[in-house]
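Note sheet for the following structure.
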Amino acid sequence: MKLTVDYHCHLLPGIDDGASSPEITKAMLEKLASQGIRLVYATPHFIAHRQSVKSFLKQRDDALRQTLPLLPEGVRLLPAAEVALEQNISETCDLSSLTMGSSRSVLIELPFSARQDWIAHEIDNILYGQGITPVFAHIERYRDIYGKELFAKILATEGAIFQFTTGALRHFSVRRLFKRLCEDGLPILLGSDAHNADKRPPDFDKVSPMLDRLFKKGVPDSFHRLES
């Protein structure tokens, strides 16, 4: 299976815990291009209690200006963000400027604790109040953290999209979950969640053969594509 889009990547230089310099950004882009990726969503972390949306957008725009001249031929870059879900974020932040390209979807990082009774409330407010479609980042991480009941509620979120991390598919339990959600018809995106070119690099070259083995009769229609 040929994958051409990375929906989750921390390659913008100097903005978060991803690429720390334009040189690392360039190395990441070259790896992505060599692996057949032609479209990358740049998804730096946005943490609402640390900075305003306005401040984040300025910082992101500055990093994008440094990155665009580094793009390999045939590779496109679209701005996005990985938004940490916080209590009251739906009331204090307009997420429409943090969407993935021209879509109405926002990459959402869920809390790493199930002991938050506001999670479902915030998701509903984002979905229905702001008209934003949540794309749940690295969904494979939450199955064990949240437990069956809450994880099932997340999966049942109306219109939601679920992003799996390519590297996580090396694990049998994640591949099994991934295949089940695909076969259940849930919309799925794949992202490298790459942060550099060596310790957490893009790894689409390892994933494509794995998917060919996993879906011998062809990949289900649930593989999603955002507006670009």
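The values are calculated or read from the model by the stated rules, or taken from the named source; none is laboratory data. Nothing here was measured: the structure is a model prediction, and the numbers come from that model. With ideal geometry, Cβ positions are generated from the backbone for all residues, glycine too; neighbour counts draw on all protein chains shown. With ligands, DNA and RNA removed, areas are computed over all heavy atoms of the protein, side chains included. Shrake-Rupley method; radii C 1.70, N 1.55, O 1.52, S 1.80 Å.
If the chain linking LYS216 and SER113 were pulled fully straight, counting 0.36 nm for each residue of separation and taking away their Cα-Cα distance, it would gain 33.4 nm.
When you restrict to C-alpha pairs under 8 Å that are six or more residues apart and normalise by the size of the stretch 82-129, the relative contact order lands at 51 percent. Amide H to amide H distances under 5 Å link ILE188 with PHE162, PHE223, HIS224, where only residues 5 or more positions off or on other chains count and H is placed in the peptide plane.
For the pair SER208 and GLU73, label points projected 7 Å from Cα toward Cβ lie 1.9 nm apart. Accessible area of TYR128 (1.4 Å probe, protein heavy atoms only, ligands and nucleic acids ignored): about 140 Å². Applying a threshold of 19 Å to the alpha-carbon distances of LYS26/LYS206; LYS179/LYS206; LYS2/LYS179; LYS31/LYS206; LYS2/LYS216 flags LYS26/LYS206 as lying beyond it.
Protein-only accessible surface at a 1.4 angstrom probe places the residues ASP184, ASP61 in the order ASP184, ASP61, largest first. Computed on the stretch 1-119, the Cα convex hull volume stands at 120 Å³ per residue. Taking every pair of alpha-carbon atoms in the stretch 22-85, give the share separated by more than 16 Å as a whole percent. Roughly 48 percent, rounded to a whole number. Distances between placed amide hydrogens fall under 5 Å for THR133 paired with SER105, VAL106, all partners being 5 or more residues away or on another chain.
Normalised radius of gyration (Cα atoms, divided by 2.2 N^0.38 Å) for the stretch 111-228: 1.11.
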